[in-house]
Amino acid sequence: MQAAVIATEEQDPKRRVLKDVFGFDDFRPGQADVMDALLAGRHVMAVMPTGAGKSLCYQVPALVLGGLTIVVSPLVALMQDQVAALRLAGVAADTINSSIDRDANIAAWRRVASGQTRLLYLAPERLMSERMLDALARLDISLIAVDEAHCISQWGPAFRREYEDLSRLRGIFPNVPIIALTATADESMRTDIEARLFAERVETLVLGFDRPNIKLAIEAKQDSKRQLLRFVERHPGRSGIVYCLSRKKTEEMAAFLEKNGVTALAYHAGMSKEARDANQNAFMTLSGVVMVATIAFGMGIDKPDVAYVFHTDMPGSLEAYYQEIGRAGRDGRDAEAHMLFGLGDIRMRRLFIDDEDAAVEHKRRSHRRLDTLIGYCETAQCRRQVLLGYFGEEAQPCGNCDTCLDQAPRADGGAEARTILAAIAQSGERFGAGHVIDILLGHETEKVLARNHQRLASFGSGLAHKKDFWLSLIRQLAAGGFLEPDPSGHGGLAIAEKGHALGRGEMPFHYRVEVRSRALRKMRAAEGMNAEGVDASLLATLKSLRLRLAKERQVPAYVVFSDRTLIDMAERRPRDLDAFAEVNGVGAAKLKEFGQVFLSVIAGHQFDGSD
């Protein structure tokens with residue numbers, strides 16, 4: 001059997017590079033197909049789920065082809081981390097960017113020009129400068145990789161104007177294969193990328209979006225701090241990511257968790273690089289750390305044992321939501337994606353869209369994209385069906401989301417909806433949900449009395465139901481397009497044309513009944529198995545060693561070895577370099593640089609009697 005494997009590697013250069021350089025025995029699903037198309041000289045667009053190993057899809061062909069591969073990446077920090085990881089694997093990689101001093105950039109270019117560098121990472125605006133293009137035209141360019149390719153689509157939520165110019169690449173380098181990679185592109189975005197970057201001459205490989213091990217759940221926002229704490233306490237000792245909309249909220253939530261005995265760290269773009277790096281290294285190295293972050297955290301992070309992703313606020317789109325929840329459960333174990341959702345989220349997101357410096361059509365699409373996300377939040381269907389359907393993938397009910405596990409009944413809410421519409425109309429379509437509910441419940445608040453709203457015909461018309469019921473109904477009316485949160489005002493609700501039709505009795509309204517299921521709570525609480533299933537003491541020792549080595553080299557901890565590699569190391573407990581070379585993720589360069597020091601730690605741990 002071993003002879004057959006060796007023969008296969010000799011016949012297949014990409015498999016030999018995979019093993020010798022990156023230390024992996026086999027490809028993940030879809031990787032080999034993408035590589036084969038590139039090695040045959042064809043353009044490729046690869047749409048792969050988060051955590052599927054997109055980087056290897058161009059890194060392996062780059063080494064097989066020789067020459068220079070250009071990698072376009074949107075974030076300086078991500079470029080530098082990837083370069084550091086490649087160098088530790090023994091690959092000659094460089095980046096030229098504005099965060100590096102001039103002398104370092106000049107030295108990097110000299111390595112590129114002399115043919116030493118195999119992969120060069122550039123931001124799109126740096127690559128597409130005439131000076132850089134002229135210089136690259138004189139070199140042996142073998143491959144161009146455009147990472148985070150959804151940024152090129154004008155219909156995407158992460159559209160970046162500097163990516164537009166990349167459409168010139170196919171004309172400037174007509175004989176160079178180009179690969180575009182993304183985890184989040186629906187059909188309209190894929191079509192746009194195909195047209196812009198490839199003039200529709202491309203082999204598109206969509207490798208599936210489903211992450212079936214992640215439970216999906218949405219909860220009405222009530223007291224976000226307490227809701228977060230209850231959720232985190234159901235996952236004791238597990239690592240998780242909590243996403244917040246603002247930097248201020250990030251720090252407040254992290255402090256709140258710490259105050260309640262949870263090890264939590266903050267991460268946002270307003271922190272110093274040193275503070276961000278320190279918190280990121282702690283999150284990657286230690287067990288049971290909760291990272292409370294803005295969307296600044298996540299790209300390039302490959303921590304397999306993230307047990308959950310919790311959104312305290314609604315993200316901007318289904319694409320963003322999918323990308324962010326994809327950071328959970330990369331080890332294949334059960335994980336959760338839990339989002340809090342409230343009417344205020346809708347108003348804030350509408351504000352962001354309308355304040356954006358963008359064309360009217362782009363804003364219109366952004367609003368429609370937000371409507372789709374709201375529909376996902378309010379749906380009574382299987383959430384996974386809705387999510388995958390958005391990306392063009394059919395699915396059966398998953399049995400692993402809140403709507404499948406806790407079937408929320410639907411009820412005819414036409415009469416109640418008309419009661420709400422009457423209160424909104426009579427009060428002038430200027431007030432938010434809280435004031436409208438005060439009118440319905442007959443509350444003589446200062447605001448109600450100041451405007452004489454206690455004299456409205458609708459005052460006290462909603463006494464048959466409690467506040468939570470009316471709040472849920474207003475939220476679902478807004479999600480269904482019957483009401484329009486007014487982003488230019490102060491959260492006021494206006495009646496949409498669809499709402500007027502409902503008010504006239506011309507169309508029905510069925511609402512999702514909010515219920516609390518004991519069965520669902522029990523299911524969510526039934527967790528707690530050991531995240532790694534290995535000697536926790538040895539694994540902690542290996543992580544401490546990794547962190548020390550990373551600090552010495554001034555790189556993030558995961559660049560030295562991923563958690564997957566350390567877990568495999570702890571399971572195998574190699575006793576010599578030959579055995580260490582068999583650990584998943586140990587290539588030749590890392591074997592040489594790190595093998596002996598890790599073997600010494602493992603041997604010392606065994607010598608201490610931990611066997």
Label-point separation, T372 to E233 (7 Å along Cα→Cβ), nm:
3.8 nm
Residues meeting the amide H criterion for E219 (H placed from the backbone, H to H distance under 5 Å, 5 or more places apart or on another chain) are M339, L340, F341
Computed for the range 13-206: size of charge dipole around the Cα centre, +1 on C-beta of each Lys and Arg, -1 on C-beta of each Asp and Glu, debye to nearest 20, value 500 debye
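For the range 254-358, report the % of Cα-Cα distances exceeding 18 Å.
On the way: 3008 of 5460 pairs.
That fraction is 55 percent.
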Suppose R0 equals 35 Å. What FRET efficiency, 1/(1 + (r/R0)^6) with r the Cβ-Cβ distance, do E571 and A380 give to the nearest 0.05?
0.20
Considering only C-alpha atoms, what is the centroid distance from the range 400-465 to the range 118-193, in Å?
51 Å
Along Cα→Cβ, 7 Å out, is where each label goes; now give me the distance between the ones at E258 and R410 in nm to one decimal.
4.7 nm
Measuring from the longest principal axis of the C-alpha atoms of the chain, the long axis of helix 273-285 (C-alpha) lies at a number of degrees, nearest 10, equal to 80 degrees
Nearest 10 degrees, 0 to 90: what angle lies between the long axis of helix 360-378 and the longest principal axis of the chain (Cα atoms)?
80 degrees
Of all trypsin sites (Lys or Arg not before Pro) in the range 75-140, which ones are in loop regions per DSSP and have a Cβ with at most 13 other Cβ atoms within 10 Å?
R138
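Too long at a 21 Å Cα-Cα cut-off: which of K248/K551; K225/K447; K19/K590; K466/K498; K19/K54; K215/K467? Show your work: numbers first, answer last.
Values: K248/K551 28 Å; K225/K447 27 Å; K19/K590 12 Å; K466/K498 25 Å; K19/K54 17 Å; K215/K467 29 Å.
Over 21 Å apart, Cα to Cα: K248/K551; K225/K447; K466/K498; K215/K467.
For K225 and M507 in one chain, what is 0.36 nm times their gap in residues minus the Cα-Cα distance, to one decimal in nm? Walk me through the numbers on the way to the answer.
On the way: separation 282, 0.36 × 282 = 101.52 nm, distance 3.85 nm.
This chain segment gains 97.7 nm when fully extended.
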Gain in span if fully extended, A359 to Q596, counting 0.36 nm per residue against the direct Cα distance:
79.5 nm
Select from N175, V262, A395 the residue farthest towards the positive end of the dipole of the chain; place +1 on Cβ of Lys and Arg, -1 on Cβ of Asp and Glu, and compute about the Cα centre.
V262
Residue by residue, what Karplus-based ³J(HN,Hα) values in Hz, rounded to whole numbers, does the range 562-569 have, using 6.51, -1.76 and 1.60 with θ = phi - 60° and x for Gly and Pro?
6, 4, 4, 5, 5, 5, 5, 5
Which one is right for this structure if volume of the Cα convex hull per residue in Å³ is calculated from it: [x] 156; [y] 215; [z] 174?
[z]
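Based on the Cα coordinates of the range 536-610, what is the per residue volume of their convex hull in Å³? Show your work: numbers first, answer last.
On the way: hull volume 5.9 nm³, N = 75.
Considering the Cα atoms of the range 536-610, their hull volume per residue is 78 Å³.
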Centroid-to-centroid separation of the range 341-364 and the range 214-271 [C-alpha atoms, Å]
25 Å
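Can you give the % of DSSP beta bridges in the chain that are antiparallel, to the nearest 5? Intermediate results must be reported in sequence, preceding the final value.
Working: 6 of 54 bridges.
In the chain, approximately 10 percent of DSSP beta bridges are antiparallel ones.
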Two-site label geometry, D578 and D33: point separation in nm, points 7 Å out along Cα→Cβ
3.9 nm
Amide H to amide H under 5 Å from A180: which residues, 5+ apart in sequence or cross-chain, H placed 1.01 Å off N in plane?
V44, M45, A46, V146
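For the range 13-206, what is the convex hull (Cα atoms) projected area averaged across all directions, in square nanometres?
Working: hull surface 40.1 nm².
If I average the Cα hull's projected area over directions, I get 10.0 nm².
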At a threshold of 8 angstrom on Cα-Cα distance, excluding pairs fewer than six apart, so keeping six or more, what relative contact order does the chain reach in percent?
14 percent
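Go ahead and run the numbers for FRET between K447 and T191, Cβ-Cβ distance against an R0 of 45 Å, rounding to 0.05. All intermediate terms of the calculation are to be shown ahead of the outcome.
Numbers: r = 49 Å, r/R0 = 1.09.
Approximately 0.35, to the nearest 0.05.
Values quoted throughout were computed directly from the atomic coordinates according to the rules given, and no laboratory measurement underlies them. What you see is a predicted model, and the numbers here were worked out from it, not measured in a lab. Here the Cβ is made from the backbone with ideal geometry for all residues, glycine too, and neighbour counts use every protein chain on show.
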